[in-house]
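The values are calculated or read from the model by the stated rules, or taken from the named source; none is laboratory data. None of the values given here were measured: they were computed from a predicted structure. Here Cβ is always computed from backbone atoms with ideal geometry, including for glycine, and neighbour counts include all displayed protein chains.
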Amino acid sequence: MAKKKTDQVVKDTRVKEYELVYILNPDMSEEALETSTNNITQYIIGREGVVDAVDKWGKKKLAYPIKHFFEGNYILTKFKMSPARCKELEANLGISEDVIRHLLIKVGE
């Protein structure tokens, strides 16, 4: 007789290394830019992630207009987090009004 598989969901507890590049609205004040960056960093930390580095590249011209903007504030964040939590992070970045565009890349492998 064959054994039945139980319908248990196994949590993915492996931690992977990621790089997140995001572009913020160029019309934001320095205080608002700092607040948005800190909010994203705190979001990662609050979801059991570890932020290794936050590198602000400054305001740069976009290759093509995005949401009627011709430039944006570029920020690179390197962090470690479980893959399941990264899906939540991407969903929140997608609905954020301050984030024009984002790219999340898994480092290694």
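With the structure loaded, tell me whether Glu48 is surrounded by 15 or more Cβ atoms within 10 Å (Cβ to Cβ), within 14 Å of Met81 (Cβ to Cβ), of a type outside the set (Phe, Trp, Tyr) and touching a residue at least 12 places away in the same chain (Cβ under 8 Å) or whether it fails that test. Criteria not met by Glu48. For the stretch 79-109, taking the residues that are among the charged types (D, E, K, R) and out of contact with any Leu (no Cβ under 8 Å at 6 or more places or on another chain), the one that is farthest from Pro26 (Cα to Cα) is identified as Glu109. Close contacts from the stretch 89-109, counting a first residue that is within 17 Å of Thr35 (Cα to Cα) and free of Cβ contacts under 8 Å to residues at least 60 places away in the same chain and a second that is of a type in the set (Gly, Ala, Ser) and buried (at least 16 other Cβ atoms within 10 Å of the Cβ), with Cβ to Cβ under 6 Å and a gap of 6+ residues or different chains, come to none at all. Scanning the stretch 63-87 for residues that are more than 12 Å from Val15 (Cα to Cα) and either in contact with a Phe, Trp or Tyr (Cβ under 6 Å, 6 or more places away or on another chain) or not in a strand (DSSP E or B) (or both) yields Lys67, His68, Tyr74, Ile75, Lys87. Specify the residue that is modelled with the lowest pLDDT; the eligible residues are those in the stretch 77-90 that are aliphatic (A, V, I, L, M) and over 9 Å from the mean Cα position of the chain (by Cα). Out of the qualifying residues, it is Ala84. The residues of the stretch 13-27 that are out of contact with any His (no Cβ under 6 Å at 6 or more places or on another chain), surrounded by 15 or more Cβ atoms within 10 Å (Cβ to Cβ) and of a type in the set (Ser, Thr, Tyr) amount to a single one, Tyr18. With respect to the conditions (1) assigned to a strand (DSSP E or B); (2) exposed (fewer than 12 other Cβ atoms within 10 Å of the Cβ); (3) at pLDDT 95 or above, Val54 falls short on a single one, namely (2).
Applying the set (1) surrounded by fewer than 12 Cβ atoms within 10 Å (Cβ to Cβ); (2) at pLDDT 95 or above to Glu30 leaves exactly one unmet item: (2).
Scanning the stretch 23-52 for residues that are farther than 17 Å from Ile95 by Cα, touching a Phe, Trp or Tyr at 6+ places or on another chain (Cβ under 8 Å) and not charged (D, E, K, R) returns Pro26, Gly49, Val50, Val51.
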